[in-house]
């Protein structure tokens with residue numbers, strides 16, 4: 001299936017849940033295009049590890065693998081929990097000498113937002129990301145931009161009252177922090193009065209589904225994985 005990529009280490013594998021279904025998507029690191037999509041059910045996870053990984057992931061075709069399955073249920077499988085499944089994958093990646101990285105769902109969304117918005121920061125500056133789950137439940141994360149990328153300073157989940165005054169909402173989201181930049185992903189919270197809440201602050205609005213940027217996320221994350229891999233840093 002991937003004969004054209006043999007010995008090129010050109011493909012990126014991304015295992016996650018897409019549209020509620022577990023799958024591995026294969027992305028070309030050069031064209032940044034989707035090459036293939038392999039769905040699998042959690043109950044077939046052991047077969048996936050034992051057969052699919054070995055039969056398709058050899059021949060030095062993969063540059064890296066990214067795994068985000070910490071929210072997936074494996075209760076009725078041989079693995080019982082996602083942690084055990086990820087450990088089984090880790091053994092296969094080490095066996096095949098493929099660099100890999102396990103990422104949480106929150107980190108996936110935050111990274112996608114940073115990549116998609118292409119914000120311009122100086123080293124040492126702070127950006128706060130606001131990612132709504134719906135109109136009243138938000139995830140908030142604060143990052144510092146450094147020479148080696150973004151470092152997470154703090155994160156929290158909050159529930160807001162849309163009837164509250166803008167200054168109350170601002171305090172609930174930012175607390176005492178005064179970030180250099182705020183990025184608000186408005187896709188899941190059309191009713192939130194962000195213009196009033198972040199008035200006079202340096203903020204940007206991103207009105208798009210973050211999962212639409214999975215290919216770009218995979219490519220940029222792969223670059224980071226290889227920087228760590230080449231410097232022999234333990235990032236797994």
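Here, each number is a calculation from the coordinates, and none is a lab measurement. Since the structure is predicted, the reported quantities are computational estimates derived from the model, not experimental observations. Cβ atoms come from the backbone with ideal geometry, glycine included; neighbour counts cover every protein chain shown.
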Report task. Could you list, in sequence order, all residues of the range 148-175 that are part of a loop (DSSP other than H, G, I, E, B) and within 20 Å of the chain's Cα centre (by Cα)? Result -> 148
Requested in this report: Among the residues of the range 117-147, write down those that are in contact with a helix residue (DSSP H, G or I) (Cβ under 8 Å, 6 or more places away or on another chain) and crowded, with 19+ Cβ neighbours inside 10 Å.
Outcome: 127, 128, 129, 130, 131, 132, 138, 140, 141, 143
Requested in this report: Output the residues belonging to the range 116-142 that are part of a strand (DSSP E or B) and closer than 17 Å to residue 182 by Cβ.
Outcome: 126, 127, 128, 129, 130, 131, 132, 138, 139, 140, 141, 142
Report summary line: Reported set for the range 78-115 where residues are touching a residue at least 60 places away in the same chain (Cβ under 8 Å), surrounded by 18 or more Cβ atoms within 10 Å (Cβ to Cβ) and assigned to a helix (DSSP H, G or I) is 89, 108, 109, 111, 112, 113, 114
Report task. Among the residues of the range 1-36, count how many are part of a loop (DSSP other than H, G, I, E, B) and either farther than 16 Å from residue 221 by Cβ or touching a residue at least 60 places away in the same chain (Cβ under 8 Å) (or both). Result -> 11
